Each structure stands twice: as structure tokens, then as C-alpha cells.
Amino acid sequence: MLTTREGGVSNPPFDSFNLGDHVGDDPAAVAANRKRLAEGIGLDPSRLVWMEQVHGRTVTTVSGPQEGPVEATDALVTNEPNLALVVLTADCVPLLLGDPTTGVIAAVHAGRVGARVGVVPAAVKAMGELGAKPENIEVLLGPAVCGKCYEVPAAMMADVDKHLPGSASKSRAAKPALDLRAGLWNQLEGLGIGKLGVDPRCTFEERTLFSHRREPGTGRLGGVIWVDPS
């Protein structure tokens, strides 16, 4: 599932369903929002696993509830039922992956740096170590800043596209830009992923979503995946 910025208790500029505890929001409000998220999906808050995201390619496999966020990781993998993995974003690409035949799932945070250095292939590899097969994996690429809105220097665009082919784009002003979802889609196809889907919403354009590029110091959206054995 994917959250929006609506339905929570946080005050501006985090209004209102901010799930990030590292952006300066009132900790009590974040805790209340996270509790609402857990209740909304029918799990105890302790069954939600969070990440200390650092824009890298580290993948962590978890087998049960954690004490606090998993440190310095940008992808979580598990095959534990009723254990929800959460990725937080506000322009970066959230990816939710699952192999319905084995119950192996993953949540991945892929910003420009993480996508460039291969966090997604690393997550797929970790899923394989738990028995998942690429042809059985289904992937959703969530809302992110689009290729028309993500202007970058030309050298940066060329560098990212070299490592993530298909990510080069042009903004509406015909300036160099990046479309990370397009590059990640190409990468996932190359890995032999069985089914791909994308939520086309642009975080910069869609006001019901948080966007750091539009509003620096804003909140974070949540992408959540779990296996309900019932």
C-alpha cells in the first residue's frame, strides 16, 4: 500500500500524515500517525519494520520485529508473515516487491544515488537467497518526482544514465533531467522480473503527496508491503 499526506495529525509543514521521524516533526504526532498506519492494515505497531535510509545499496533481511529502525539500510527483505516492511519517500522511488509463490517480499528506497549504485538488483538478489525467483516477482514502482520535473546538471544526468540506462530525460524547459522510474523499469526487465507496475503520480506535481523538491523540510510518504497468511 501507498500512503498520501492526508489523514494524520501532524501540523504544517508536515500536514498531516507524515511518517518520517527524522524531518523535524513532533515525535508524538509521528508516533500517532505510525499507529494509525498499523491499525489501518490490521497489525500491531511492533510488526512494522522501519529503515534508517542513507541513499546506499545496503539490503537487510529481517525475520521479526525490530528495536527501532534498521540502521543504515535502503532495502528490507523478509519471508515472515504479518511483518510489514516500510519505505519512506518524498520524491525518491519507493519499490514494493513480492514473490507470491514463496511469500518473500521487499521494500526498497531508490533515490538518485541508490538507484545509480544498484540497490534494486541487490534487493532482488537478497530475495533470491530466500527462495524467490525473478520470474515470479511482482514489483510496484510508487509515486516519485517525474522525468519532466527532476532537472539536474547535464553531467549528473549522463553519469546516472550510464549506470542506470533509460533514466536520462528532459524537463518541460528542455533541460537535462532524470526519470528514475524509467531507468529502474528497464533494470527490472533486464533482471527478468515477471510483472511490473507503476503508480504514475509525480510527487512534485501532486499536492496530496509530500515532495522535498517542492517543499524542503516536508514530511514523508510510506510504501508498505506485508504478507497476510489468512
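Rule-based calculations on the coordinates, nothing more; no lab input. This structure is a prediction, so every number in the text was calculated from the model and none was measured. Heads up, the Cβs are rebuilt from the backbone with ideal geometry, glycines too, and the neighbour counts pull from every protein chain shown.
From the Cα gyration tensor of the chain, with a ≥ b ≥ c the square roots of its eigenvalues, which class applies: rounded if a/c is under 1.5, or else prolate if a/b is larger than b/c, or else oblate? Judged from the Cα gyration tensor, the chain comes out oblate (a/c at least 1.5, b/c at or above a/b). Answer rounded, prolate or oblate for the stretch 112-230, using the Cα gyration tensor with square roots of eigenvalues a ≥ b ≥ c: rounded when a/c is under 1.5, else prolate when a/b is larger than b/c, else oblate. Judged from the Cα gyration tensor, the stretch 112-230 comes out oblate (a/c at least 1.5, b/c at or above a/b). Calculated [222 nm] ellipticity per residue, helices only, for the chain: -7000 deg cm²/dmol; basis is -39500 (n - 2.57) per DSSP H run with n ≥ 4, divided by all residues, nearest 500.
Shape analysis of the stretch 165-226 places it in the oblate category; the axes a ≥ b ≥ c from the Cα gyration tensor give an a/c of at least 1.5, with a/b not above b/c. Absence of a disulfide-compatible partner, taken as no other cysteine beta carbon within less than 4.7 angstrom, is noted in the chain for Cys92, Cys149.
For the stretch 24-131, the Kirkwood hydrodynamic radius comes to 14.2 Å, computed from all pairs of different C-alpha atoms.
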